[in-house]
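A quick write-up on the structure given underneath.
Readers should treat all values here as calculations from the given coordinates under stated rules, not as data from a laboratory. What you are looking at is a predicted structure, and each value in this text was computed from that prediction instead of being measured. When we count neighbours, we look across all protein chains shown, and the Cβ atoms used for this are built from the backbone with ideal geometry, even at glycine.
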There are 2 protein chains.
Amino acid sequence: MAASAEQLVGSLADRISEKILAGEYPPGSRLRQEALAEEFSVSRTPIREALRQLEAKGVVQHRPNQGAIVLAPNARDIRDAYQVRAELEGLAISLAAEWITDEQIERMRRAQRKFAGAVDKLIAARKTNAKAPFRNVPSWVESNDEFHGVVIEASGNRRLKQMIQDLHLGFTRNIMLAALTMDGRRMRENVSQHEAILSAIGRHDAAEARKAMTHHILRSGELAVWWLESQGRLVGPAR
Amino acid sequence: MAASAEQLVGSLADRISEKILAGEYPPGSRLRQEALAEEFSVSRTPIREALRQLEAKGVVQHRPNQGAIVLAPNARDIRDAYQVRAELEGLAISLAAEWITDEQIERMRRAQRKFAGAVDKLIAARKTNAKAPFRNVPSWVESNDEFHGVVIEASGNRRLKQMIQDLHLGFTRNIMLAALTMDGRRMRENVSQHEAILSAIGRHDAAEARKAMTHHILRSGELAVWWLESQGRLVGPAR
DNA sequence: ATCGTACATTTTGGATACAATCAAGCCAAG
DNA sequence: CTTGGCTTGATTGTATCCAAAATGTACGAT
């Protein structure tokens, strides 16, 4: 997560979004300022400022005299977000293809190996024990973030980096995670998509790398939408 | 500008960014809370919240015990922003090509006529009176925004719309404006680029429209960077 | 029993008050 | 003349206070 070297308010915003991501404050729920203030042992003032930041980032919605509620994206929001993300990461890798260093490619290879390993373990764990298949999720997420992180880094475009991260911040990440970890075949599909990306970037083939990347993300988006719809709509604020 | 049906804080944020765009608070200047509070006849509390929003949107930077300063983008920031904007508006028009209605195309045509007219007047006015060439700038900006606005609208992707607008909010808009209104040839070049976009979208040719749009914006970006560098660096915060 | 209304409680919004931190200017020493 | 530290003033950061709005509840009417 973007841990900007800030002061209280910034870190409060980060901690609140962490809790939202973790599901502690589910979509649609109200974030009462006094409760948050007590939870973090501060007064309401910095809480309010943190909530304003989250509002600007699109994590929560602010209703006039009702305070902040956690946004509950519908299928359309997810589709929109993934369309944009596919485009942005496509640009990122297309830029990266020209400037990426051998050391960065090596980091991507390492991340990819870890990623494949995590998927294997996830699938194996689910077969033997359907009850606790989530032990290897952190490793899965970490290696995936590393893989995409190198690409964004290598693009050399800081604004692009920030926008992709903000986009990732919403609920899209959680939904993708939930959608993917449900199905072994899809997880392996994901691994092979990374493989294709890695191969293209290794040849510094910008056009091919972009094609592979946008396909990868659009496909993930389809899965996320499909998963969201199959879940029955989450309770959320009126739009 | 996006006048979200908000309450005080939102409108304060809008008004402050307007003033920043208008050059009243130049890049690098500190925004003192008490002064803003007096100016808008409110207390510091809502001012602080508005500043937090602007911080999250990347309009100002917040230094620990120093408050907010207006961001002064350097050439690289501008280049980065235009690269992203070209990509996003390229996606927008590529989506729009499929779904745009005849009525929307007609609005683009009207905007284009107004745009061409404004450019003519701007150039003529500068020839006869070099002192006041800026009378027709509002019409120029308005028609340009309308032209691009229809495309974004027709894309049918709300997230995309919001991101493009946020991107536009930074200083990129002012810089583009300053760069373009300096040179008649470049303004006419701009008109013909719009012409090309309009032609492609009229045929619902997504690929061609995207090509024309990204070219248009990347070219504007080049001009902005060139202008910024020719101006000598604006004073700004350390990075 | 259900709907509507009035009232009480809760919660947000904005203003004010106080504490903490930083910057600028000043004076003295080298 | 420059450099170092210190003091003072200004500005931000946090907490508290009061008013306005909204929600929830109880009661009464249909």
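Just a few scattered comments:
- Ranked for footprinting exposure by Cβ neighbours inside 10 Å, fewest first, A:226, B:99, B:140 give B:99, A:226, B:140.
- Overall Cα dimensions of the protein assembly as shown - principal axes, largest extent first, Å: 84, 53, 45
- Using a 7 Å Cα-to-Cβ projection, residue A:165 label spacings across copies, nm, ascending: 2.5
- Anchor residue A:121: lysines whose Cα lies under 25 Å away (excluding residues fewer than 8 positions away in-chain): A:131
- Ranked list, fewest to most other Cβ atoms within 10 Å of each Cβ, for B:93, B:175: B:175, B:93
- Footprinting exposure proxy for B:187, A:182 (fewest neighbouring C-beta atoms within 10 Å first): A:182, B:187
- Average partner coverage of A:152-163, which counts Cβ from other chains inside 10 Å: 4
- In segment B:8-70, inverting the average of 1/r over every pair of distinct C-alpha atoms gives 11.3 Å as the Kirkwood radius.
- Mean Cβ count within 10 Å, highest first, over the residues of peptides B:151-163, B:199-211, A:102-114: B:151-163, B:199-211, A:102-114
- Helical segments meeting 20 Å axial Cα length and Kyte-Doolittle -1.0 threshold in chain A (DSSP H): A:75-99, A:102-128, A:137-155, A:184-202, A:206-230
- Overall, the ratio between the Cα radius of gyration of segment B:165-219 and 2.2 N^0.38 Å, rounded to two decimals, is 1.25.
- In summary, the lysines within cross-link reach of residue B:127, defined as a Cα separation below 30 angstrom excluding same-chain residues under 8 places away, comprise B:19, B:114.
- Across the copies of the chain, residue B:45 has label points (7 Å from Cα along Cα→Cβ) spaced 1.0 nm apart, shortest distance listed first.
- Equivalent ellipsoid semi-axes - Cα gyration tensor, segment B:75-230, angstrom: 25, 19, 13
- For the segment B:73-82, counting C-beta atoms of other chains within 10 Å of every residue's C-beta and taking the mean gives 3.
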